[in-house]
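As structure tokens, the structure follows; a few thoughts come after it.
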Amino acid sequence: MSYNLGSPSPIEPLSLGNVITAGIRIYRSHLKDYFLLALKAYVWLLVPIYGWAKFYALSALISRLTFAELVNQPESISSGQRFVNSRIWQFLINILLMLLVGTGILIGVVIVFAIFGFLSAVLVGGLNQQANIGVYLMLGLLAFVVGILALVAVLWISTRFYLVEVPLAIEDNVDGTSTIARSWELTKSYVWRIILISFVAFLITLPIQIVVQIVSTIVQLVFTPLLEQNSGFGLLFAVIILALSFASGAVVLPFWQAIKAVIYYDLRSRKEGLGLKLRDYEI
């Protein structure tokens, strides 16, 4: 997919409500196709390494198809699938790099709390018997503040990587490494807006997750006495729970990928004046 980025007059950026609305409308209009793609992606998760890359690629394919709809250049699933399949190893490289980034963030958080714990222990040890309830309350308050700051930092950094797989599935001049920098570039100055959109999207998908949890609990209650009588039902129980997880994931995943595609479109419109007309989705 090649697009004109040199438009002299940028498209008007979308509002937060329009991003959600556009994502929902495209998701609804392609529900069956996107659901089957997502279900196929979840089945690939059962295959180690290569299957994980396929899951990532098929998820990104949904964003590619959504973006094509947004810019009024709809693409067939087979065409889009050929493109993402040609980059399957780049998706794997991207997964590995993001795992390294995530591990680095986790180590950073652990180090921060370790330093805080060490300094707190030194402070309390230095005060010895003079330490009172006020000192412990102060340390508790500081621990809370440090925890909040660490959470905000992790959320901010994670959001900068929010779009890593989307450019890899759409743009011609990126690979598994450069797409990370591409996401970092696109999300600059829009972190909190993306977080707010994601929060609203989470609230929209929450009822589905609640229903799945209720159904899973019912299945567990039904199978518990059967498992006590015959352990052979264990395999059937595991298959049912796995099928429920995959089915619910296949319902929610396309919605998230559609939202990502709309955010990606919106950020390119704001930053690069994406020279294509937004398809009319009554937004």
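Just to be sure before I move on: is S59 surrounded by fewer than 18 Cβ atoms within 10 Å (Cβ to Cβ) and part of a helix (DSSP H, G or I) in the structure I sent?
Values: surrounded by fewer than 18 Cβ atoms within 10 Å (Cβ to Cβ): no; part of a helix (DSSP H, G or I): yes.
It is false that S59 is surrounded by fewer than 18 Cβ atoms within 10 Å (Cβ to Cβ) and part of a helix (DSSP H, G or I).
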message: Please verify whether I88 is in contact with a Pro (Cβ under 6 Å, 6 or more places away or on another chain), of a type in the set (A, V, I, L, M, F, W, C) and touching a residue at least 12 places away in the same chain (Cβ under 8 Å), treating the condition exactly as stated.
response: no
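Given the options V110, V135, V124, name the one that is part of a helix (DSSP H, G or I), at pLDDT 85 or above and out of contact with any Asp or Glu (no Cβ under 8 Å at 6 or more places or on another chain). Write out each step before concluding.
Numbers: V135 fails: at pLDDT 85 or above; V124 fails: at pLDDT 85 or above.
After ruling out the rest, the residue left standing is V110.
The values are calculated or read from the model by the stated rules, or taken from the named source; none is laboratory data. Remember, predicted model here, so these are calculated numbers, not experimental data. Heads up, the Cβs are rebuilt from the backbone with ideal geometry, glycines too, and the neighbour counts pull from every protein chain shown.
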